[in-house]
1. For segment 101-138 and segment 5-33, compute the distance between their C-alpha centroids and round to whole Å.
2. What is the percent carbon and sulfur in the accessible area of the chain, measuring with a 1.4 Å probe over the protein chains and ignoring ligands?
3. Counting Lys and Arg as +1 and Asp and Glu as -1, what is the net charge of the other residues whose Cβ lies under 9 Å from the Cβ of Val25?
4. Once the dipole of the chain is set up with Lys and Arg at +1 and Asp and Glu at -1 on Cβ about the Cα centre, which of Ala110, Ile24, Gly53 lies farthest towards its positive end?
5. Suppose all protein chains stay in the model; what accessible area per residue would a 1.4 Å probe give for segment 88-138, in Å²?
6. Using amide H atoms built in the peptide plane, which far-off residues or other-chain residues are under 5 Å from Ile98 H to H?
7. To one decimal place, what Kirkwood hydrodynamic radius in Å is obtained for segment 48-98 from all pairs of distinct Cα atoms?
8. Given the rule -39500 (n - 2.57) for each run of at least 4 DSSP H residues, summed and divided by the residues of the chain, what is its mean residue ellipticity at 222 nm, to the nearest 500 deg cm²/dmol?
Amino acid sequence: MTLVNFDKLNKMAVDRGKPFDVLIVDDEKWVQDVFKDFCELTDAFQVELASNGKEAISKINHKSFDLVTLDLIMPELSGLDVLMELKKINPQIPVMIITGNATDKLINEAGVMGACRVMYKPILLENFIAELTSTLSR
């Protein structure tokens, strides 16, 4: 197994004086748990979870996040609906789309609406942390 290098990410968190606040939005509990476990391998993150779009919007309305990971295909409110609301609340927040079965059309729409990255499930730890680090270093 490849070891993940957290040095850059940890330095970024130390330089800013606090961990990065990350919101993970996915309707599948096991996906939330995997991404949260990935983030908890370092002290550079504080993670909150949302299992649907309404919960995500509520959390975003009450707290400032440094990064949001967002599933596109969810019941009730889609990831695109959440992205649109999130960008109204905070247009600068980086949003990484993480999806397992979205169409090219949905992916393109998410990009037009302001998503900064797209990752496809399943995601390896190394790739997940590398994308978070790259996105947060912008």
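1. Value for the Cα centre distance between the two parts: 15 Å.
2. On the way: 3850 of 7270 Å².
C and S atoms contribute 53 percent here.
3. Working: positive: Lys59; negative: Asp26, Asp27, Glu55, Asp71.
Result for the neighbourhood of Val25: -3.
4. Ala110
5. On the way: 2760 Å² over 51 residues.
Spelled out: the 1.4 Å probe surface of segment 88-138, per residue, equals 54 Å².
6. Placed amide hydrogens put Leu70, Asp71, Leu72, Met119 under 5 Å from Ile98.
7. On the way: mean 1/r = 0.0936 Å⁻¹.
With all distinct Cα pairs of segment 48-98 included, I get 10.7 Å.
8. Numbers: 6 runs with 63 residues, N = 138.
-13500 deg cm²/dmol, from helical runs alone.
The values are calculated or read from the model by the stated rules, or taken from the named source; none is laboratory data. The shown structure was predicted, so the numbers you read here are calculated from the model rather than taken from an experiment. Don't worry about glycine lacking a Cβ; one is built from the backbone with ideal geometry, like all the others, and counts go over all protein chains shown. Calculation scope for accessible area: heavy atoms of the full protein, side chains included, ligands and nucleic acids excluded. Shrake-Rupley method; radii C 1.70, N 1.55, O 1.52, S 1.80 Å.
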